[in-house]
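Throughout, read-outs are computed from the coordinates displayed, never taken from laboratory work. This one's a predicted model, so the numbers in the text were calculated from it and none came from an experiment. Please note: Cβ atoms are built from the backbone with ideal geometry, for glycine as well, and neighbour counts cover all protein chains shown.
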Amino acid sequence: MLSEIDTRNIDLNNGIGFKGPMTPHRIQSPVMMKSKEGLYLNLFEAAVVNYPVMHLEVNPKTFQITSALVPDALGKMAYVQTPFHTPWRTIMVSKDARDILKSRLILNLNEPCAIAETSWIKPMKYVGIWWEMHLDKATWGTGERHGATNENAKKYIDFAAKYGFPHVLIEGWNVGWDGNWYAEGVVFDFVKSAPGFDLHEIATYARDRGVKIMGHHENSATVLHYEKQMEASFAQYQEVGTTAVKTGYVGHGREIIWYDANGNEMREWHHGQFMVEHHQKVVELAAKYGISLNVHEGLKDTGLRRTWPNLMTREVARGQEYNAWGEDGGNPPDHVALVPFTRMLAGPFDYTPGVLDLLFEEYRPDNRINHTMAKELALYVVLYSPLQMAADLPENYEKHREAFQFILDVPTDWNDTKVVHGDIGNYITIARKQRNSDDWFLGSISDENGRVLQAKLDFLDSEKTYEATIYRDTAKTDWEDNPYEFEIIKQQVRSTDTLTLRLAAGGGQAIHFKALD
């Protein structure tokens, strides 16, 4: 059955940090495969608690697949105390890949919500001091180009207040970013502001304008150092009104260090039991202080957000930043058409979409985003995240004000989802209904090839008429040579209509269906 696996269906980049003894044939789950008979098969796991993450080893000759737990510092697989439940192992099979995308199996195999009162957990969009560092316009460290200054933070807060973004992320705000922080993470102080920045002043400035500061905890995988300061930092964030924190674990291989009773250095992998237990400590402590989490370089989701809904979103895949500095040319056009069938089967993905300056000519002329403008907009519907960033610089949104309108209009909280089209790594069309609204949004994206798709609008309410505001590629648009050109079309539609979606090479289409009656 699996004699001819489409290797594009195996996303080798949907996990970060597990290097070393990995072979080219050891892969992260979830894995989606397609047999030559057209049958889709998904292998994954659910409810990974107090246990290591499972990888899969593929025999390149027989395609036999074997589970492989991530070992600890001593090479052991796991330590458990009875009574104990191992994580679930899941297999989903369908003749239609869209059915697997719609499954709630992974989520429902987790325990019910452990948080008694959850009204403080709110989906939202955010902007922040982040992309300018990846472009090398600014730096995380202090100096003439330090991004996290009071002045720059106030600029972003004013922008957020003007356009209704609830949160502003400020990376580089704390002490520790000077020098080789990614190799020496013990330099970070998670309470003390860096020179030129005052957390309390900026939080007050934001609060007076109806905005909150999103916290940031990059620990460079120095876990014990981070754990010593977590509670004090979460307490300070609670004091200044922060209700969401982005965490980061930049590091590769066995860079996570602890010491045994004899003082011997122990080195762990990012996906072993030690780190699973660490992340559990973080989410529970964050819940105690009323804080939601956006985890980068962490663990893939295995449905734990059902039990701890403040674990709102994660990165744990190649995100937008690879386009700014990736030596291999960034993410190829088919990357985001693969992700819904691989990484996103694990849960929400903080890809950080919405970069409208696609070519970075001023800062990084040798890099670019391999999409069209319309495709970058469509990602807000295709790639689900209840915390969704508008990642570009404020001045670029002002420059591309018409396209920016879709980012302002699109929500992050959905009541219903329909997968209209889906072909792994080639194209995907998703429609989502806004919660507490009759409005629908649609996103459709293609790989490096142009294509024409027919989208039935039978997901719309049959009793209503809608105004469709369509952001689409033109006949001249192409991701390589003409990525910026797009057009906005408005027309009235009903549930009995079918729209023709013309997607340029590397292109997309984003639509807002606004109910009129």
Dipole check, the chain, charges on Cβ (K,R +1; D,E -1), about Cα centroid: among HIS167, TYR249, VAL410 the Cα furthest to the positive pole belongs to VAL410
Taking R0 as 25 Å and r as the Cβ-Cβ distance between LYS154 and GLU239, the FRET efficiency 1/(1 + (r/R0)^6), rounded to the nearest 0.05, comes to 0.80
Can you work out the FRET efficiency for the pair ASP517 and VAL452, with r the C-beta to C-beta distance and R0 = 30 Å, to the nearest 0.05?
-> 0.45
Distance violations [Cα-Cα > 29 Å] among LYS34/LYS281; LYS375/LYS418; LYS300/LYS375; LYS137/LYS281; LYS122/LYS162; LYS34/LYS300 | LYS34/LYS281; LYS137/LYS281
The relative contact order of the stretch 124-402, taking Cα pairs under 8 Å that sit 6 or more residues apart, comes to a percentage of 16
Which residues' amide hydrogens lie under 5 Å from the amide hydrogen of LYS125, considering only partners 5 or more residues apart or on another chain, with H built in the peptide plane?
-> GLN388
Given just the C-alpha atoms of the stretch 124-402, how large is their convex hull per residue in cubic angstrom?
-> 132
When the gyration tensor of the stretch 323-375 is built from Cα positions, what are the square roots of 5 times its three eigenvalues, in whole Å, from largest to smallest?
-> 22, 12, 10
Modelled FRET efficiency - R0 45 Å, TRP258 with ASP416, Cβ distances, 0.05 increments | 0.50
Radius of gyration and Dmax over the Cα atoms of the stretch 206-340, both given in Å = 16.6, 53
The summed charge of the GLU463 Cβ neighbourhood (under 12 Å; Lys/Arg +1, Asp/Glu -1) stands at -1
Rounded to a whole number of µm²/s, how large is the Stokes-Einstein D of the stretch 20-89 at 10 °C and 1.306 mPa s, given Rh as the Kirkwood radius over C-alpha pairs?
-> 115
Mean projected area in nm² (Cα convex hull; one quarter of hull surface) for the chain = 24.5
Cross-link partners of LYS212 among aspartates and glutamates (Cα-Cα below 16 Å; sequence separation of 8 or more within a chain) = ASP158, GLU171, ASP198, GLU201, GLU239
Hey, could you pull the Cα Rg and Dmax for the stretch 420-515, both in Å?
-> 13.4, 43
Report the charge-dipole magnitude of the chain in Debye, nearest 20, computed about the Cα centre from +1 at each Lys and Arg Cβ and -1 at each Asp and Glu Cβ.
-> 1280
Length gained if PHE84 through MET266 is fully extended, taking 0.36 nm per residue and subtracting the Cα-Cα distance, is 63.0 nm
